[in-house]
1. Could you check the stretch 426-524 for helices (runs of 4 or more DSSP H) lying wholly inside it with 3 or more residues that are crowded, with 21+ Cβ neighbours inside 10 Å and in contact with a helix residue (DSSP H, G or I) (Cβ under 8 Å, 6 or more places away or on another chain)?
2. For Val143, state whether it is outside any helix (DSSP H, G or I) and in contact with a helix residue (DSSP H, G or I) (Cβ under 9 Å, 6 or more places away or on another chain).
3. Looking at this structure, is Ala289 more than 28 Å from Leu348 (Cβ to Cβ), touching a Lys or Arg at 6+ places or on another chain (Cβ under 7 Å) and among the aliphatic types (A, V, I, L, M)?
4. Among the residues of the stretch 380-402, which ones are modelled with pLDDT under 65, over 15 Å from Thr197 (Cβ atoms) and either basic (Lys, Arg) or in contact with a helix residue (DSSP H, G or I) (Cβ under 6 Å, 6 or more places away or on another chain) (or both)?
5. Would you tally the residues in the stretch 364-378 being assigned to a strand (DSSP E or B) and modelled with pLDDT of 80 or more?
6. Would you point out which residue out of Leu318, Leu305, Leu312, Leu294 is in contact (Cβ under 8 Å) with a residue 24 or more places away in the chain, within 19 Å of Ala271 (Cα to Cα) and in contact with a Lys or Arg (Cβ under 7 Å, 6 or more places away or on another chain)?
7. Which residues, taken from the stretch 332-357, are among the hydrophobic types (A, V, I, L, M, F, W, C), closer than 24 Å to Glu511 by Cα and at pLDDT 95 or above?
Amino acid sequence: MADMKQTIAGLLQATIYRVFPDAQGIPEDLSGLLEVPPDKKMGDYAFPCFRLSKPLRKAPPMIAQALAEAFDEPETARAEAVNGYLNFFLNRGNFAAETLSAILAAPERWGSSEEGKGRTVCMDYSSINIAKRFHIGHLSTTVIGNSLKRIYDFRGWRTVSINHLGDWGTQFGKMIAAYKHWGDKETVEKGGVDEMTKLYVRFNTEAQNDPALEEEGRSWFKKIEDGDPEALEIFHWFKDVTLKDAMRVYDILGVRFDSYAGESFYADKTAAVVEELQEKGLLQDSDGAKIVDLEAYGMPPCLILKSDGATLYHTRDLAAALYRKKTYGFDLSLYVVAYQQDLHFKQLFKVLELMGYDWAKDQMKHVSFGMVSYEGQALSTRKGVMIYLDELLTRAQEKALDIINEKSPNLENKEEVARQVGVGAVVYATLQNNRIKDIDFWWDRALNFDGETGPYVQYTYARCGSVLRKAPDLKDIAPDYAALDNDEAQQLLLLLSRFPAAVADAADKYEPSIVTRAVTEIAKAYNKFYYEHRVLDENDPAGTRARLDLTQATRAVIKTGLYLIGIEAPERM
């Protein structure tokens, strides 16, 4: 089934050319001009005919009247002319039948497509730092990236999810020096990242009184660069311990990566990048450092090598981009990184373009997002305002369990449902608004069962399941879709029919919140329908079957929508 908006647009275009055969300058796709009237009495869709006034050289009311008289599609909709608008009223019974038949033919795939078939997208997100705790500041990049991966998978793309680990720099030499002085394997294995952090803090404290330690740290990092076996063994062990710690959080969030190739992976690939920049005449000296001058493009210079010959983020990111293009042959490469790095990525993409890689212009995208604060407080390690992600998710589950114990004390597997609801609340709160907006996380908002929250949408899914479990077996009864001609059912059907467009829009704009809002509106519409109309009516089996079809379709689409934003759907709540 085509999107009803597209269907109406196609029929309207055919009518325009039938009424005005010599028309010139009519847009090829009119669907973007169709509006949803604020009042249902004005129709399900409306077309502003003033958009045709110039090409047709006629007044909008005259155009609307002529088109209304010629529009003859009773199986789909009827048209009325009102003050220069052409209002469309869907054939409600047919619309219900077509929409529900299309969804229930493959309920788990409604909204999917083959749009990305044969194409590859690389997604760089989460990108945690080795030997550091996974904190709430990593939440947005992790859940936005995870959602985009699921959305692109759903649309037929081959997706490559990359955790570009922060695992390069002098600090790792300092970590090894600290471990050699004061650490032991058993304590680090047991204490994990927290223990490594203690060692690093102690190193910096001790180095203030013993400057020789700084040189020792640099020496150990040089050994990592030179491939010293002992240095590499400890370095890789640090990474293993960090990833083991991080995997607990990723498992709770349902996040998986195809690659953990971080900065260290590209360390031996930067020399070729520097050489290529030199050969192409892009590299310039600047006080001993090597830069690419971007003044002509309104940007400061892109620093490639420090005066001591050390590489920088840009050097390694250039190597990573070229490696990913060669290895994966991507058609699109997304970097889900906070907006503070806008300049970094503009410089990166421009340098690639100047190197002659035209694909950088259209295929490289920085998917930026806003800052996260916690209950009105900006996060600051220095001020001690830092929320670690595993602690946040644990607290979310505990708070969800408290609410469930209060609202549904007899619910089975309460701990499992509390996990789904608590984690879902955190993810939903992160993906509720446009990604570029700053997020202020508050418990009472996130875990509200009544507002526009994750638990509210999950509860609606569970409610649909409860209705279906209570329903009699009516599979041999033909549904009477005339029972769905009320405003509440029709609004729900419209939202269900538009869900594929919402998924497509989310992919095109790299904006998971579009799916979040779509599934929330569906949940709200179902609840309104549920309260206004009796779903199960023993005196009306055919109407009941139609309402159950609507419930089943709603349940399937809510589950899909929740999955696409990285949230599980509890069967009972």
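The values are calculated or read from the model by the stated rules, or taken from the named source; none is laboratory data. Model, not experiment: these values are computed from the prediction. Note that each Cβ is placed from the backbone with ideal geometry, even for glycine, and that neighbours are counted across all protein chains shown.
1. Details: elements: 443-446, 454-470, 487-509.
Output list reads 454-470, 487-509.
2. Working: outside any helix (DSSP H, G or I): no; in contact with a helix residue (DSSP H, G or I) (Cβ under 9 Å, 6 or more places away or on another chain): yes.
Considered against the rule, which asks whether it is outside any helix (DSSP H, G or I) and in contact with a helix residue (DSSP H, G or I) (Cβ under 9 Å, 6 or more places away or on another chain), Val143 comes out as no.
3. On the way: more than 28 Å from Leu348 (Cβ to Cβ): no; touching a Lys or Arg at 6+ places or on another chain (Cβ under 7 Å): yes; among the aliphatic types (A, V, I, L, M): yes.
So Ala289 does not fit the description; no.
4. Hit for the stretch 380-402 is Lys383, nothing else.
5. Going residue by residue through the stretch 364-378, those that are assigned to a strand (DSSP E or B) are 364-367, 372-374, 377-378.
In the following step, the residues that additionally are modelled with pLDDT of 80 or more were identified as 364-367.
Of the residues in that region, 4 qualify.
6. Values: Leu318 fails: in contact with a Lys or Arg (Cβ under 7 Å, 6 or more places away or on another chain); Leu312 fails: in contact (Cβ under 8 Å) with a residue 24 or more places away in the chain; Leu294 fails: within 19 Å of Ala271 (Cα to Cα).
Going through Leu318, Leu305, Leu312, Leu294 in turn, just one is in contact (Cβ under 8 Å) with a residue 24 or more places away in the chain, within 19 Å of Ala271 (Cα to Cα) and in contact with a Lys or Arg (Cβ under 7 Å, 6 or more places away or on another chain): Leu305.
7. Here is the first cut: in the stretch 332-357, the ones among the hydrophobic types (A, V, I, L, M, F, W, C) are 332, 334, 336-338, 343, 345, 348-349, 351-352, 354-355.
Checking which are closer than 24 Å to Glu511 by Cα leaves us with 332, 334, 336-338, 343, 345, 348-349.
Scanning the stretch 332-357 gives Leu332, Leu334, Val336, Val337, Leu343, Phe345, Leu348, Phe349.
Listed here are the residues, each with its yes/no results for (1) of a type in the set (A, V, I, L, M); (2) outside the structural domain of Asp331 (by TED's automatic domain parsing); (3) out of contact with any Leu (no Cβ under 9 Å at 6 or more places or on another chain); (4) crowded, with 23+ Cβ neighbours inside 10 Å.
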{"residue": "Glu98", "(1), (2), (3), (4)": "no, yes, yes, no"}
{"residue": "Ala105", "(1), (2), (3), (4)": "yes, yes, yes, no"}
{"residue": "Ile144", "(1), (2), (3), (4)": "yes, no, no, yes"}
{"residue": "Gly156", "(1), (2), (3), (4)": "no, no, yes, no"}
